[in-house]
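Q: Structure incoming, see below.
Read-outs: derived from the displayed coordinates by stated rules, not from any lab. It should be emphasised that the depicted structure is a prediction, and the values quoted were computed from it without experimental measurement. Glycine also receives a Cβ, built like all others from the backbone with ideal geometry; neighbour counts cover every protein chain displayed.
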Amino acid sequence: MKSMIALPALVLIKAFGLKQGAFLIIFFNLAGYLYIALSPEAYLPVTLLCGVVMSSLILSMLVCLLDELFTIDAILARASQQHDDSELIASTPSILTNHLKSVFDLTKEISRERDKLEEYFSEMKYSSLQMIDSANKVSVNATEQSAATESTAAAVNELTVSLGEIVSKFSRVNEAAERATDFAHQGSQNISDLVAEFDMVLKDVGDTQQAITVLGESIETVLSLTSAIQTIAEQTNLLALNASIEAARAGEMGRGFAVVADEVRNLAASSRETADTISRHMADLDSQRNLVADKMHQVTQRSQTCSAKALSTSEILNHIESESEHSKLQVIEVSAITTQQSKATEEISRSIERVVEGAMENASIAQQTSTVADYLRTLTTR
Amino acid sequence: MIFVISALIALLFILVAIQLGLTKKKQKQQFQSTLTLVAIIKRIIGLTQKHRGLTATYLQGNQSASTDIYALRNEISGLIKQTNELEQVNIESRWEAYLDHWQRLESSSMGLTAPESFKQHTSLIGTLLYLLQDVAEHIEFSDMEQQLKDTHFLWREFPQLVEYIGQARAVGVATATKGESTQIDKVKLGYLCEKINLMSDTVFNKLSAVAQVSENSQLNQAKQACLQLVSLINEQLIKPNKVSIGNQEYFATASSTMDQCNTLLDNELNAIVNKLG
C-alpha cells in the first residue's frame, strides 16, 4: 500500500531526478489550483479528480521522502553502532542516494584517515615490539659482554702482575748472566795461568829428563868404574894367589909374605864384593832411573794433553763468556720488551675497564630503550 | 475539455516513460564506463607496483632493469591516455592527483634514493587504491547494487592484500639485490608478512563465501602461495643477515603470488562485469 502511494513520486524522481521531480509535482499542483480557481462549476467531477491527483502527488512525495528519511536514519544508526561505513552501502535508499553517498564519502575520508593512522600505529607497534626484542637482546648481550670483559680485565691484570714478575726475574737472570760472564772470564784467565804453569812444568820435566839422562850417563860411568874395580880386584886376587903360592914355595921364609898375600886376597875379595854391591846398587839405580825416565815421559805426555785440554777449556770458557755476554744482551732486550708489554697490558687493562664501564652503560641504555619502546607500544595500543 | 485534459495526462505519462527510459540508458552507459575504468585502474595499479619493484632493484645497482622500466612506463602512458578519454574520470579529483604525482615520479624516480622511491611509489599506489574504491563505489551506489551484495572487499581489502605483497616484493627485491638484510629491512618485511597473513585470511575467507567463478582449488592455491611467500621472506630475508636468494628468483616468486591473487580478483571482477553488463 505504502509503495503504491509512493509510486507516482518515485517514478517522477527516477525519471527526472529529485529536484526536477519535486519541481514537476509543485508545478502540477500550482496548475491544479489555477484550474480549480478558474474552472466552471459544470466540470465539478474534473475539478474533484484534479484535487485527488494533486493530493495524491503531494502525499506520494511526502511518503516517499519520509520513507527515505527513515531508511537513511536506520542506515546511519546501524553504521554508527557498528562503526563501519560499509553499512552505508549495504542497504542503499532509492532516491536520496547522492545524499547518503555524500555522508558516505565524508565518513569514508574520515575512516581513511583513521585507517592511515591505524596503519601508522600498527607499524609503530610492530617496530616497537621489534625494538623491545632487539633492546632485550642487546641488554642480555651487553650483560654477558660485561661479565666476559670483567673476566678478561681480571686475566689481563693477572697478566700484568705476571709480566711484572717476569721483568723482576729477568733482572735477576741478567745479574746471573753477568756473574756467569765474570766467572767465565775468571775461569778463562785461570786456565790461561794453568796453561802457563803447565808450560813451566813441561820445562821442568824436560830439565828433569835431561838430569836423568846425565844421571844415567854417570851411572854408566860408575858401572864401568865398578867393572874396572872388579877387574882389578880379580887381578889382585890372582896376584895374591900367586903370591901365596910363591910364599908357600918359599916355606918359612915366605910365611909372612903368605900372610900379606892372604890379606891382599881378602882385600881383593872385599873390593870385589864392594864393587859387586856398587854394581848391583847402580843397576838398581839405573833401573829406577829408567822407571823415572819413563814416568817423566808419561808426565810430559800427560802434561801436554792437560795443556792442550786447558787450552781447549780456555777457548770454551772464552766462548761461554762471549755467549754469556750475548745472553746478557738478549736478556736486556727481552727485559725491555717485557717492560713494554707490561705497560701495554696495563693500558689494555685500563681500556678493558673502560669497555666494561661502556658495556654496563650500554646494558642500562638498552634497558631504558626497552622501557621506552614498551611505553611507545602501550601508547600505540590505546 | 475532458479530452484535452485526458490527452495532456496521457502525454505526460508518455513523457515520463520516455524520460525514465533515457535515464536508465544513461545510467547503464555510465555503469559500463565505470566498470571499464575500474579494470583500467586495477591494471595501472599492477603496473605501478611492478614499476616500484623494478625501480627498487635498479636503484640497488641492477642497471639491466631500466629496459623493463621504460616498457612499463609506455604501457602506463597508454592506459592513462585510454582513461582520459572516459568521461567518468573527470569527476574523480584523485585522478588529477595521480597524474600530477606520476608525472613527477616518472621524471625523477631513477635519481631518487631507494627508500624515497619506495615511499613515493607506495603513496602513488595508495592514491590509486583510493581511486579504485571511489570509482567502484559508484557501482555499489547504483540501482544494481543489490546484485553486488558483499563484494565491497573486492575493491577494498583484496587490492590492499595485493599491495602488501607488492610492497614486500619491492623491499625484498632491493634487499636481495644488495645481498644483505638490514634491521630496517627486517622490521619492514616482518611487518608486511604480518599484514599479508592477516589480510589473506580475511580476503580468502570472504572470497570463499561469495566467489562467483573462482574454485576452491584456486583459492587454496593462492592462499598457499601467500603462506609460502611469507615463509620465504622469513627464511631468506629476515632470519639471515647475508641474503643468498637471487633478486630475480625472489621477484619471480613474489610476482607469481601477486599474479595468482590478481587472477582471482580479475576473474571475480569480470564475473561482475558479465553479470551486470
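Q: With each label point set 7 Å from Cα along the Cα-Cβ vector, what nm distance links B:Gln248 and B:Ile5?
A: That separation, rounded to one decimal, is 8.6 nm.
Q: Just to compare against my own numbers: the Cα pair-distance distribution for chain B, 10 Å bins, whole % per bin, please.
A: Values per bin, smallest distances first: 6, 27, 30, 20, 8, 4, 3, 2, 1, 0.
Q: Let me ask another. Could you sort the peptides B:58-65, A:30-37, A:329-336 by per-residue average Cβ neighbour count (10 Å cutoff), highest mean leading?
A: Going from most to least packed, we get B:58-65, A:329-336, A:30-37.
Q: What's the angle, to the nearest 10 degrees (0 to 90), between helix B:65-84's Cα axis and the longest principal axis of chain B?
A: Rounded to the nearest ten degrees, it is 10.
Q: Under a point spin-label approximation (7 Å from Cα along Cα-to-Cβ), what is the B:Glu235-A:Asp286 distance to one decimal in nm?
A: Distance between the two pseudo-spin positions: 11.9 nm.
Q: Would you mind computing the Rg to Rh ratio of chain A from its alpha-carbon coordinates, Kirkwood style for Rh?
A: My calculation of the ratio gives 1.97.
Q: With a cut-off of 8 Å between alpha carbons and a minimum separation of six or more residues, what is the relative contact order of chain B in percent?
A: So the answer I get is 22 percent.
Q: Using +1 on the beta carbon of Lys and Arg, -1 on that of Asp and Glu, and nothing else charged, what's the dipole of chain A about the Cα centre, debye to 20?
A: 2460 debye
Q: Right, here's the next one. How much net charge surrounds B:Ile165 when only other residues with a Cβ under 11 Å from its Cβ are counted (Lys, Arg +1; Asp, Glu -1)?
A: 0
Q: Considering the alpha-carbon set of the range A:2-111 alone, what are its Rg and its Dmax in angstrom?
A: Every Cα atom of the range A:2-111 included, Rg and Dmax give 18.4, 64 Å.
Q: Now, a different point. With a ≥ b ≥ c the root eigenvalues of the C-alpha gyration tensor of the range A:130-182, is it rounded (a/c under 1.5), prolate (a/b larger than b/c) or oblate?
A: Here the range A:130-182 falls in the prolate category.
Q: Past 32 Å, Cα to Cα, is the threshold; run B:Lys50/B:Lys239; A:Lys2/B:Lys24; A:Lys14/B:Lys81; A:Lys101/B:Lys186; A:Lys116/B:Lys206 against it and keep the listed order.
A: Check vs 32 Å cut-off fails for A:Lys14/B:Lys81; A:Lys101/B:Lys186.
Q: Within 10 Å of each Cβ of A:103-116, how many other protein chain Cβ atoms are there on average?
A: That average works out to 1.
Q: Moving to a separate point now. Please pull out the direction-averaged projected area of the protein assembly as shown, using the convex hull of its alpha-carbon atoms, in nm² to one decimal place.
A: Projected over every direction and averaged, the Cα hull of the protein assembly as shown covers 61.5 nm².
Q: Same structure, new question: Please give every one of the lysines within straight-line cross-link reach of A:Lys328, meaning a C-alpha to C-alpha distance under 19 Å, and leave out same-chain neighbours fewer than 8 residues apart.
A: A:Lys328 reaches A:Lys169.
Q: Could I ask something else about it? Relative to the Cα centre, what is the charge dipole magnitude of the range B:152-277, using +1 at the beta carbon of each Lys and Arg, -1 at the beta carbon of each Asp and Glu, and rounding to the nearest 20 debye?
A: 240 debye
Q: Suppose each label sits 7 Å from its Cα in the direction of the beta carbon; what would the B:Leu99-A:Phe70 distance come out to in nanometres?
A: Here the answer is 4.7 nm between the modelled labels.
Q: Turning to a different aspect of this structure: Along each of the three principal axes of the Cα atoms of the range A:206-309, give the extent in whole Å, ordering the values from largest to smallest.
A: Rounded to whole Å, the extents work out to 83, 14, 12 Å.
Q: How much length is gained on full extension from A:Ser218 to A:Gln301, taking 0.36 nm per residue of separation minus their Cα-Cα distance?
A: 27.3 nm
Q: Restricting things to alpha carbons, tell me how big the range B:38-138 is in terms of Rg and Dmax, in Å.
A: Values for the range B:38-138 (Cα only, Rg and Dmax): 13.5, 43 Å.
Q: Sticking with this one: Need one number for the range A:103-161: average projected area of the convex hull over its C-alpha atoms, nm².
A: 4.4 nm²
Q: Note the per residue figure in Å³ for the convex hull of the C-alpha positions in the range B:152-277.
A: 87 Å³
Q: May I pose another question? What does the net charge come to around B:Ser256 if you take all other residues with beta carbon closer than 12 Å to its beta carbon, with K and R at +1 and D and E at -1?
A: -1
Q: OK, next. Have a look at A:Leu100, A:Ser111, A:Ala37 and report the one farthest towards the positive end of the charge dipole of the range A:1-139, computed about the Cα centre with Cβ charges (Lys/Arg +1, Asp/Glu -1).
A: The listed residue farthest towards the positive side: A:Ala37.
Q: Helix A:18-38 versus the longest principal axis of chain A: what angle, 0 to 90°, nearest 10, using Cα atoms?
A: 10 degrees
Q: Another question about this same structure. At 222 nm, what helix-only mean residue ellipticity would the protein assembly as shown give, in deg cm²/dmol to the nearest 500, using -39500 (n - 2.57) for each DSSP H run of four or more?
A: Per the formula, -32500 deg cm²/dmol.
Q: While we're looking at this one, here's another question. Between helix A:97-250 and chain A, what is the angle of the helix's C-alpha long axis to the longest principal axis, kept within 0 to 90° and rounded to the nearest 10?
A: 0 degrees
Q: Taking +1 at the Cβ of each Lys and Arg and -1 at the Cβ of each Asp and Glu, which of B:Leu112, B:Thr36, B:Leu22 sits farthest along the dipole of chain B towards its positive end, judged by Cα position relative to the Cα centre?
A: Toward the positive end, the furthest listed residue is B:Leu112.
Q: Return the average number of partner chain Cβ atoms within 10 angstrom of each residue Cβ along peptide B:122-135.
A: Per-residue shielding by partner chains comes out at 1.
Q: Using a 10 Å cut-off around each Cβ of peptide B:14-25, what is the average number of partner chain Cβ atoms that fall inside?
A: Shielding by partners across B:14-25 averages 3.
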